[in-house]
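Trainee: First, the structure itself, so that you have it in front of you.
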Protein chains: 2
Amino acid sequence: MTSRVEVFVQLKEGMLDPQGKTLEHALESLGYAGVDGVRVGKWITFEVQGEGREAIERQVDEMCGRLLANTVIERYTFTMREAGA
Amino acid sequence: MTSRVEVFVQLKEGMLDPQGKTLEHALESLGYAGVDGVRVGKWITFEVQGEGREAIERQVDEMCGRLLANTVIERYTFTMREAGA
């Protein structure tokens, strides 16, 4: 079973996001008013092979916690769907 | 009307993604087999105020093309929903 995984990583609420602030100021200076709360996170996609949806989910969750996100300062979510579906 | 926007930016197909390759190798060395095609993109979220869904959509699309994505090497998509909805 091949699953298509999308992981979303973002700084936790309350953490300063300088990259987001930079984009916000840049948008403003380009003339886009009314934009607020810009936050820049990571969108990581991959395919993973394995047996059983729950087992794969556990594995992806572990991968996020160990490598893909820094859980001290970041939070993550992910979605999974069968490849080809 | 306040809309909550999520922008997804990723290198175009065929573009080398060294950050993705690095993660893929790191996952392998952590013992996660069966992971393939890791790609690292950006997930940018913000709120935007404006009148009329179509006008806001046009504005967000323009913001993506001018600043949030480098359309020579990156592709982007975005979703919008009314804040609070």
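Each reported figure results from applying straightforward, stated rules to the coordinates on display, with no laboratory input. Note that the structure is predicted; figures quoted are calculated from it, not measured. With ideal geometry, Cβ positions are generated from the backbone for all residues, glycine too; neighbour counts draw on all protein chains shown.
Trainee: Condition test on A:VAL35, is it touching a helix residue (DSSP H, G or I) at 6+ places or on another chain (Cβ under 9 Å) and touching a residue at least 12 places away in the same chain (Cβ under 8 Å)?
Mentor: No, not satisfied.
Trainee: Need a quick list: strands (runs of 3 or more DSSP E) entirely within chain A having at least 2 residues that are touching a strand residue (DSSP E or B) at 6+ places or on another chain (Cβ under 7 Å), surrounded by fewer than 17 Cβ atoms within 10 Å (Cβ to Cβ) and more than 7 Å from chain B (Cβ to nearest Cβ).
Mentor: Filter on chain A gives A:2-11, A:74-82.
Trainee: Right, another one. If I go through the stretch A:18-32 residue by residue, how many of them are over 30 Å from B:ASP36 (Cα atoms) and touching a residue at least 12 places away in the same chain (Cβ under 8 Å)? Give the steps one after another, and end with the answer.
Mentor: So the first thing to find is which residues in the stretch A:18-32 are over 30 Å from B:ASP36 (Cα atoms), and the list is A:18, A:21-32.
The next check asks that each one be touching a residue at least 12 places away in the same chain (Cβ under 8 Å); those that pass are A:21, A:23-24.
Adding up the residues that qualify gives 3.
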